[in-house]
Amino acid sequence: MNNQPDMLGLNRAMTTWDALSDDEIIEQFRERGSWGLYTSVDLKDCDPETIRDADAIRRFIVELCDLIDMKRFGEPTVVHFGPNEKVAGYSMTQLIETSLVSGHFANETNAAYLDIFSCKEYGPKKMGEFCKQFFGASSMTTHVLFRD
């Protein structure tokens, strides 16, 4: 038995949202009358220089918000911290008028963990591919969740 959560409430018809296009995901979002759309993007083997560059991370935030048509509220926050080497790296937040973009970049593993939440729909696949390309990741795991 599959113990994975039903990310789109569609498991009666299919086992994964990967089979859906961005347009189909957005259509389901609208049909359900969902309150929000959440996407987590885990990137592995990112370009070490990019994830360690605060200016590049700020540029990423601006370009991502433009790509998914989200209006930024204020400037992004990008801070380097971590209590030990395992978790040390930059973290970022960007308020958007419809919620939040956040993420953490792990120096030790060259990984990125990004979260995009908005009550306005966007294309999670297009967004995920942009993230993967921007940070030069070799692999990506993405999860989509409707908030009702």
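Within the stretch 40-69, the only residue that satisfies the criterion of being under 12 Å from the mean Cα position of the chain (by Cα) and acidic (Asp, Glu) is ASP42.
Scanning the stretch 120-148 for residues being within 12 Å of the chain's Cα centre (by Cα) and among the polar types (S, T, N, Q) gives a total of 2.
Inside the stretch 54-71, can you point out the residues that are out of contact with any helix residue (DSSP H, G or I) (no Cβ under 9 Å at 6 or more places or on another chain) and farther than 17 Å from SER99 by Cα? Answer for the stretch 54-71, where residues must be out of contact with any helix residue (DSSP H, G or I) (no Cβ under 9 Å at 6 or more places or on another chain) and farther than 17 Å from SER99 by Cα: ALA54, ASP55, ARG58. Of all residue pairs spaced 6 or more apart or on separate chains, those with beta-carbon atoms under 7 Å, a first member in the stretch 65-90 that is surrounded by fewer than 16 Cβ atoms within 10 Å (Cβ to Cβ) and a second member that is in a strand (DSSP E or B) and polar (S, T, N, Q) are THR77/THR93; VAL79/SER91; PHE81/SER91. Those residues that are part of a helix (DSSP H, G or I) and among the small types (Gly, Ala, Ser), I need them from the stretch 121-148; list them, please. Answer for the stretch 121-148, where residues must be part of a helix (DSSP H, G or I) and among the small types (Gly, Ala, Ser): just GLY128. The residues of the stretch 91-120 that are surrounded by 20 or more Cβ atoms within 10 Å (Cβ to Cβ) and not in a strand (DSSP E or B) amount to a single one, ASN110. For the stretch 21-54, filtering for residues that are small (Gly, Ala, Ser) and surrounded by 13 or more Cβ atoms within 10 Å (Cβ to Cβ) leaves 4. Is it true that ILE57 is assigned to a helix (DSSP H, G or I), crowded, with 20+ Cβ neighbours inside 10 Å and touching a Pro at 6+ places or on another chain (Cβ under 7 Å)? In short, no. For the condition at pLDDT 95 or above, assigned to a loop (DSSP other than H, G, I, E, B), over 17 Å from LEU114 (Cβ atoms) and more than 18 Å from the chain's Cα centre (by Cα), GLY9 does not qualify.
The values are calculated or read from the model by the stated rules, or taken from the named source; none is laboratory data. None of the values given here were measured: they were computed from a predicted structure. Here the Cβ is made from the backbone with ideal geometry for all residues, glycine too, and neighbour counts use every protein chain on show.
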